[in-house]
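Chemist: Quick one: the structure is below, questions incoming.
Just so it is clear, none of the values below were taken in a lab; they were calculated from the coordinates. These figures come from a predicted structure and were not determined experimentally. Glycine also receives a Cβ, built like all others from the backbone with ideal geometry; neighbour counts cover every protein chain displayed.
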């Protein structure tokens, strides 16, 4: 099975940045998270061989865990100075 790396959707990137500028003066922050392959029900149909092949393509050699995303969300909640950012959490998979 050949895995296709999904690129960030530029509409989401643009919307995130534009909305952050628009609502920033009201102390509203807007950020987006672009996850890579995460171990969720969405990937449950992948065979063990498929998962192993996928992991070979990811520089950190593993599928992400939901906790990897949750830690980023927590950081974004706690840091009141981050806005207008799209954060890719994919183990270095995308270029």
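Here's the yes/no breakdown for (1) free of Cβ contacts under 8 Å to residues at least 60 places away in the same chain; (2) surrounded by fewer than 12 Cβ atoms within 10 Å (Cβ to Cβ); (3) in contact with a helix residue (DSSP H, G or I) (Cβ under 6 Å, 6 or more places away or on another chain); (4) not in a helix (DSSP H, G or I):
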{"site": "42", "(1), (2), (3), (4)": "yes, yes, no, no"}
{"site": "55", "(1), (2), (3), (4)": "yes, no, no, no"}
{"site": "70", "(1), (2), (3), (4)": "yes, yes, no, no"}
{"site": "76", "(1), (2), (3), (4)": "yes, no, no, no"}
{"site": "84", "(1), (2), (3), (4)": "no, no, yes, yes"}
{"site": "88", "(1), (2), (3), (4)": "no, no, no, yes"}
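Chemist: Considering only the stretch 58-68, how many residues are surrounded by 14 or more Cβ atoms within 10 Å (Cβ to Cβ) and either assigned to a helix (DSSP H, G or I) or out of contact with any helix residue (DSSP H, G or I) (no Cβ under 8 Å at 6 or more places or on another chain) (or both)? Walk me through how you get there before you give the answer.
Modeler: Going through the stretch 58-68, the residues surrounded by 14 or more Cβ atoms within 10 Å (Cβ to Cβ) turn out to be 58, 62-64, 68.
Okay, now just the ones that are also either assigned to a helix (DSSP H, G or I) or out of contact with any helix residue (DSSP H, G or I) (no Cβ under 8 Å at 6 or more places or on another chain) (or both), so 58, 64, 68.
Residues in the stretch 58-68 being surrounded by 14 or more Cβ atoms within 10 Å (Cβ to Cβ) and either assigned to a helix (DSSP H, G or I) or out of contact with any helix residue (DSSP H, G or I) (no Cβ under 8 Å at 6 or more places or on another chain) (or both): 3 in total.
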